[in-house]
Amino acid sequence: MQVFKFGGASVKDADSVKNIATVLKKTGFTNKLIVISAMGKTTNALENVIHAYFNDSTKVTDTIETCLDYHLDIISILFPKGHAIFETVHTLFKQLGNFLELNKSPNYDFVYDQVICYGELTSTHIVSAFLSENNIKNQWIDARELIKTDANYRDAHVDWETTKKNIQDTIQKEGLFVTQGFVASEGNNFTTTLGREGSDYTGAIFAYCLNAENLTIWKDVPGVLNGDPRVFKNTKLLKRISYNEAIEMAFYGASVIHPKTLQPLQRKEIPLYVKSFITPENPGTYIGKGIQLDPMVACFIVKKNQILISLSSIDFSFIMEENISDIFNLLHIYKMKVTMMQNSAISFSVCIENKFNTLEPLLKKLRATYKVRWNEGVTLLTARHASPNEMNLLLHGRKVLLKQENRTVTQYVLKEE
Ligand code: ADP
Ligand code: ASP
Ligand code: MG
């Protein structure tokens, strides 16, 4: 069995959907499960629906309509008039509207997941129908019936035992299966999600549970490069990377692979390929056991929009184990992702990501015990295997707020002008 994952960029318009069929024609239709994200920027568009629902209900209908129209435009190019997919897509968006009309829950994260899943539900119905229309037999699978999680909406944790059993009972070899990335469900069958950009992780969950031969994630780049091409010029393709190297790159923010993707694969030594959906015949990047990095070049990872918080004690005492455990407890409660930290006898600095909009209440709590300074909108720059020369060139004229270094990694928190 092979698992393929196609992200938002690979289903962003009618031509991209056609291209999926082309990739499958080149790589074979059998023993394959394909995981698909929401089309283009649909997840952001659905976030607008949720925002309207909680903040300005007069805009709910319009925001839903915008999202529906985007999908209708795509299917009107892909399918003949009167095809059943039109009804399917209309029904999905009607369900979404009905949910919001009837919903009584004030829980933002719960509502978020019940709404946001329509991106993936719609895209997979469209791709599955398009493949069928082109005589590529396939089976549409609701990932929520297979991937079970806790009820930690928007960032749910997988129940691996149940998930493995469900997947192995449902997905048999030979066929072609089409399912959604990102979505899952909790014990009461309400939808949960695995965190933004989580479809890569879904690919890894299926690959792990199916003991797949490999997982391929198809991207709009030739593979993993030594820097984000949107940020750096003259990037180089990394041909081979070890799991550990890739885990570190993803953890520090190389957004080409979701950080949770690699560990399940590493556990079973399932190779991960990152390939271009534009040139599927090219080898792309192989991530697996063995060689650390080929070619051995410096890699740079930029994570913007971080917050640097520096804490010192109010009463001149030292910042010790007890305080640090306290601080981490708060970071955990407010769901802050820590990307770097540093402590000295009298201060503790931590670089965090405010994914769940909880900075204000966190600062309030911290101020009760510490003197708090913070900087919003800072950038975390992580360099791996870089020479001092390469670092100097990169840092030229930029203001460094914090630096941390070991043999392979140098990290900087930079203030953006
Ligand atoms: P999708 O959601 O379609 O699966 P993403 O947009 O999440 O794809 O990931 C692909 C993007 O990741 C690329 O367009 C590129 O700008 C960005 N990226 C960041 N770091 C890297 C890197 N080291 N190598 C390649 N692409 C990178
Ligand atoms: N559609 C989801 C997102 O945009 C998941 C994904 O694409 O990986 O975050
Ligand atoms: Mg994505």
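Side notes on the structure shown:
- When restricted to residues that are surrounded by 15 or more Cβ atoms within 10 Å (Cβ to Cβ) and away from ligand 1 (no atom under 12 Å from the Cβ), segment 30-44 contains 4.
- Of 163, 179, 170, all but one fail to be surrounded by fewer than 17 Cβ atoms within 10 Å (Cβ to Cβ), touching a residue at least 12 places away in the same chain (Cβ under 8 Å) and touching a strand residue (DSSP E or B) at 6+ places or on another chain (Cβ under 9 Å); the exception is 170.
- Candidates in segment 299-323 are the residues that are at pLDDT below 90 and in contact with a strand residue (DSSP E or B) (Cβ under 8 Å, 6 or more places away or on another chain); of these, the one that is surrounded by the most Cβ atoms within 10 Å (Cβ to Cβ) is 319.
- Any chance residue 76 is buried (at least 19 other Cβ atoms within 10 Å of the Cβ), of a type in the set (Gly, Ala, Ser) and either out of contact with any Lys or Arg (no Cβ under 6 Å at 6 or more places or on another chain) or in a helix (DSSP H, G or I) (or both): no
- Top-ranked residue in segment 241-275 [being among the acidic types (Asp, Glu) and surrounded by fewer than 21 Cβ atoms within 10 Å (Cβ to Cβ); ranked as farthest from ligand 3 (Cβ to nearest atom)]: 269
- Of the strands (runs of 3 or more DSSP E) lying entirely inside segment 172-264, those carrying at least 2 residues that are within 25 Å of residue 118 (Cβ to Cβ) and within 13 Å of ligand 1 (Cβ to nearest atom) are 214-219.
- Near pairs, Cβ below 6 angstrom, 6+ apart or cross-chain, from segment 87-100 (surrounded by 12 or more Cβ atoms within 10 Å (Cβ to Cβ)) to any residue that is among the aromatic types (Phe, Trp, Tyr): 92/118; 96/118; 100/53
- All of 20, 50 fail the test of being closer than 27 Å to residue 205 by Cβ, in a helix (DSSP H, G or I) and within 16 Å of ligand 1 (Cβ to nearest atom), apart from 20.
Residues checked against (1) within 16 Å of ligand 3 (Cβ to nearest atom); (2) among the charged types (D, E, K, R):
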{"residue": "111", "(1), (2)": "no, no"}
{"residue": "117", "(1), (2)": "yes, no"}
{"residue": "125", "(1), (2)": "no, no"}
{"residue": "129", "(1), (2)": "no, no"}
{"residue": "133", "(1), (2)": "no, yes"}
{"residue": "136", "(1), (2)": "no, no"}
{"residue": "146", "(1), (2)": "no, no"}
{"residue": "149", "(1), (2)": "no, no"}
{"residue": "159", "(1), (2)": "no, yes"}
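- Lone unmet requirement of (1) away from ligand 3 (no atom under 16 Å from the Cβ); (2) touching a residue at least 40 places away in the same chain (Cβ under 8 Å); (3) surrounded by fewer than 22 Cβ atoms within 10 Å (Cβ to Cβ) for residue 233: (2)
- Condition check for residue 329: touching a Gly at 6+ places or on another chain (Cβ under 9 Å), of a type in the set (S, T, N, Q) and surrounded by fewer than 17 Cβ atoms within 10 Å (Cβ to Cβ): no
- Residue list for segment 265-296, filter: within 11 Å of ligand 1 (Cβ to nearest atom) and either in contact with a Leu (Cβ under 6 Å, 6 or more places away or on another chain) or among the polar types (S, T, N, Q) (or both): 276, 285
- Among the helices (runs of 4 or more DSSP H) confined to segment 307-417, the ones with at least 3 residues that are within 30 Å of residue 154 (Cα to Cα) and among the aliphatic types (A, V, I, L, M) are located at 321-333, 359-367.
- The residue that is surrounded by the most Cβ atoms within 10 Å (Cβ to Cβ), among those in segment 332-346 that are under 23 Å from residue 406 (Cβ atoms) and not aliphatic (A, V, I, L, M), is 339.
- Put simply, of 311, 225, 238 the only residue that is more than 21 Å from residue 11 (Cα to Cα) and without any contact (Cβ under 8 Å) to a residue 60 or more places away in the chain is 225.
- If you go through segment 290-348 and pick out every residue that is touching a Ser or Thr at 6+ places or on another chain (Cβ under 7 Å), charged (D, E, K, R) and over 26 Å from residue 394 (Cβ atoms), you end up with 1.
The values are calculated or read from the model by the stated rules, or taken from the named source; none is laboratory data. As the structure is a computational prediction, the values presented were derived from the model and not from experiment. Cβ sites come from the backbone with ideal geometry, for glycine too, and all protein chains shown count toward neighbours.
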